[in-house]
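Please treat every number below as a calculation from the coordinates, not as lab data. Predicted, not measured: the structure shown is a model, and the values here were computed from it. Cβ: placed from backbone, ideal geometry, glycine included. Neighbour counts: every protein chain shown.
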Amino acid sequence: MSGRGYGDLPIRGGRGGGDRGGSRGRGDGGSSSRGSDRGYSGDRGRGSDRGGGRGGHGGPEGPSGMLTDPVEAPNARVQALEDKYVTESAKARPVSNSLARRPGYGTQGRPVVLRANFFPMEFKPNIKFHSYRLKIKPEAKKGQQKFILESMFRKYPLFNKGIGVATDGATEIVTTELLPENREPFRCSMGDGSGHGSGTSKAYTGPWEATLTLDSSYSPADMLACLEDVNHREELPNEAPCLRVLNILMSACPYKDAGISIIGKGRNKFFRMDKRKQSMDIKGGLEAVRGYYSSVRVGAGRIFLNLNVSHGAFFHEGLLSDILIAFQQVHGNNRELVHRYLKGLKVHALHLDSRENGSGVKEKPVRTILGVATPRDGCNGPNPPQVLHVASSAENVKFWMGDEKKGKYVTVADYFEKTYNRPLKYRGNMPVVNVGTRDRPVYLPAEVCEVLPGQPCRAEPNVIQRQNMIKFSCRRPPQNYDSIMTEGLNIMGISEGYTKAVGIKPGKEMITVPARILNPPNLLYGGKKTTNPRNGSWNLVGTKFAQGANIGKWTCLWIGKRGLDAKMDPVPHIDAFYKKMRDHGLSLPPPDKPFRHVWLGPEDRDNRNVIKGAFKEFMEKKYPFLVVLLPTTEGKIFDYVKYAGDLKTGILTHCILYDKLKTANEQYWSNNAMKVNLRMGGCNQLLQPANARFIGAGKSTMVVGLDVTHPSSTDPEVFPSVAAIVASTDYRMGQWPGEVRAQMRRQEHILFLKEMMLTRLSLWQKNNNGNLPQNILVYRDGVSEGQFAMVLTEELPKIQAAAKAVYRGAMPNITIVVCGKRHNVRFYPTNTRDQDRTSNPINGCVVDRGVTRPIYWDFYLQAQAPLQGSARPAHYIVIHDEIFTNSKANPDRKPTDVLQELTHNICYMMGRATRSISYSTPAFLADKFCDRGRKYLLAYYYENNMQVQSEDKFGGSTLAMASACQNNMVYI
């Protein structure tokens, strides 16, 4: 996994979105018929009466509207506008430091018509939306701010006069009419303060004075006029705030529903958490819940609502003590993890008196958990708390009670028994939580805390939780289509027409878009054997790899764990693996015997020393390669094996779970042989020259993958971000070695990109008779739409600087294509002929009209045929181009078709699977390398007794590969 939060899990196969890429916001709109194909009054009356929200647990599917609903032809007016835009754009002068222009639309492939989960939006004629900023005096805390906002919506006279009002839930309020200039401030108070804070709290509870200041006004008609102007080649004026305002308006209906939880950075994910909730327990105190993602987007001459099914992991509502018991059953007694797991969780303090909230409902005071008790709490103040260790229990945490001189230390357990007459059930065996600050902690026992509903868990799930999440969220397209058209439209207030209150009317039918199905490439294996993939897959039966690796000697390290069944002799199984590697063309002797067998115990430090000692022996005996049998999927063991091999000793390793030996068959060993061959320098498959375009034999194009991933919420707080580069080493694209580096935490651009590019150019030169590549094609992963300019202004110059440092004469042609996968665009077949056996569009499906923007050169490509669930197309955006529109570099003179075809074909070059993958191979592999880099950091962190104090300690040589591994695909 790549250091990312799991409020909405980016599960493979197209469920839910993530935080890195994706949409800018959402919109609403209306006025003339330009926002819709039917006109403002064109309701078809689709409500939420068709049922929906069926789970994703397999079994026969009922009839779906996906194939039976009427299908309209793609909008001809929009296609004409797109074509005219390209024509006019070609006449205009190039603009420096701007994104690559779209040179045209693709033509290759079999044409089909698909639905896209976009609903055209209309607006009330001549309407304007007005954004106001809320200012509160005296300053209020976050929870108090929510109280004031809710009170204002309920009691402010100006909001009860029939005008449309919406809010972002924080400081912005949007109205459909201007408020009078001489408006009175709104005043409110939480009352006398009883029950607010702890029993003796003097926290301020009002009165407050809230005023609204006009920030800006937006006209949907002006936005649409810009979108229809073929000479407008930039984003809309104030595009981000315009879309933000429209998104706020679209959340007006769910905001008023107390049973809906709204989450996400843009408050764009909506989950029903009351009796209408669709959910499943996934263990560890969490449940998977089905909800919807909503975002207003703009296209050629239209404003859309992008609506998709979303799945999130949420904490169960109820006593925090019950959640901690469930947590321990899954994660064990992991004190550091529970500290990060609970951070930010909101709870009701059950020992305090109830009070009225902003909605007029009596409830217990709400507190936010900072974490569990730690020995560092309050260490800068007088009489600091006495905490035995991280996550200590109520009888092992003491705090000073009284003034600085006259007072005494009391345990949390004794305090609650004497002050509140609450003897604690878990006084000695459950962590207390801190709902104060690090300097001024306030401790509460878990059993007096009640978790509020609708709170997402940001932590990464463990294996069991992930498997359960996939079970729940893995749904075929017909199920997701029906859910969107019923529950989705209903939760947003569209099916019942509630959005008209804010002057917006989205259509109730998804748009249709023209698409094309590209042919799969032909693949070459050893002995010039050609393979023709079908349905995105092929097999290796009777096949030798295109180039087999050469391994001088090798053996097996068998890591056992006491208490686990380890009676089976691994020797016959490893011999079968050896035979399979020989069958596929690898050159290697039989493994040296006897195998080295080590036992692990309960202590991590002892286990690391055992593994370290074994690797030292293998290094002294000069083994270049080891097969390592692991006892469990426990991350720490795997992480340390890779750290010891790749970074410390230079021994390349291939890990296999000991339990897998029992069921290993020919296919299993073939899959493992693919990884070993790549790791040891071989090539598994090649593209047939006709499918490689200008990258094929005799050509000179280096293909590069880049990615940056950030720490997850459960990583140690000192963890940096990780950047990775991989690159082809010659025209065959069979090997993708690279480099991984730590950089400043949360830094988006790749800090050391120049240095990392230089290492790739040097390796290319070494493998190509001293020649450097004429073209450099870069696929950049992990960039959201708001960061396109960063790639253009921060990263392109570093690539150019690397070229200037080594090229003598003509500089290489450089093209950068951003590859986005964390978006919520989905496509649905409209007839049986154009769907595969899982009801997804046929793989090779490409869409570059209807849902794209003329100002970008972008397209959606679904290269994979999923085995289950719904396919998520990858979104490609050309940031800078010197290759495809250059007739010398690309003699085919069809830049759009060549890029789309080449990108599709590269998805068949991942090497470790006999299937096409969901997005461009180099971007995929860079993501894999980032993940491996994160595992190295974890191993480093534990190896150094968790004493790392700042991210600076991770710099320099921390992630430097051992010299023997620097040019190998260690991460595969």
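Values computed for the structure shown
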item	result
Contour minus Cα-Cα distance for GLN667 and LYS265 (0.36 nm per residue)	140.4 nm
DSSP beta bridge pairing in segment 548-679, given as percent antiparallel to the nearest 5	0
Whether segment 703-758 is rounded, prolate or oblate, judged on the alpha carbon gyration tensor where a/c under 1.5 counts as rounded	prolate
Length added when fully stretched, ARG893-VAL95, from 0.36 nm per residue minus Cα-Cα	285.1 nm
Only Lys, Arg (+1) and Asp, Glu (-1) charged, at Cβ; segment 548-679 dipole about Cα centre in debye	240
Size of charge dipole - the chain - debye, nearest 20, with Cβ of Lys, Arg +1 and Asp, Glu -1, no other charges	1360
Peptides ranked, highest mean first, by Cβ atoms within 10 Å: ranges 791-801, 920-930, 752-762	920-930, 752-762, 791-801
Inter-label distance, nm, simple model (7 Å from Cα along the C-beta direction), GLN765/GLU209	7.0
Extreme residue, positive dipole direction of the chain, given options ILE551, ASN886, ILE148 (C-beta unit charges)	ILE551
Extreme residue, positive dipole direction of the chain, given options LEU158, GLY869, GLY301 (C-beta unit charges)	GLY869
Added length on full extension, which subtracts the Cα-Cα distance from 0.36 nm per residue, ALA170 to MET790	220.4 nm
Cα shape, the chain, gyration tensor, a/c 1.5 rule	oblate
Value of [θ]222 nm, deg cm²/dmol, for the chain, DSSP H segments ≥ 4, -39500 (n - 2.57) each, nearest 500	-7000 deg cm²/dmol
Two-site FRET efficiency, ARG837 against TYR420, from Cβ-Cβ distance with R₀ of 56 Å, rounded to 0.05	0.35
Rounded, prolate or oblate (a/c below 1.5 giving rounded, otherwise prolate when a/b exceeds b/c) for segment 114-238 by Cα gyration tensor	prolate
Neighbourhood charge, 13 Å Cβ-Cβ cut-off, centred on LYS425 and excluding it, Lys, Arg +1 and Asp, Glu -1	-2
Cα→Cβ-extended label distance, 7 Å offset, between LYS408 and LYS616, nm	5.4
Percentage relative contact order, the chain, counting C-alpha pairs under 8 Å, at least six apart	17
Neighbourhood net charge (13 Å Cβ-Cβ; Lys/Arg +1, Asp/Glu -1) for ASP439	+2
Average Cα contact separation per residue, segment 548-679, under 8 Å, 6 or more apart, as relative contact order %	33
Environment charge of GLY378, counting only residues whose C-beta is closer than 12 Å and scoring Lys/Arg +1, Asp/Glu -1	+2
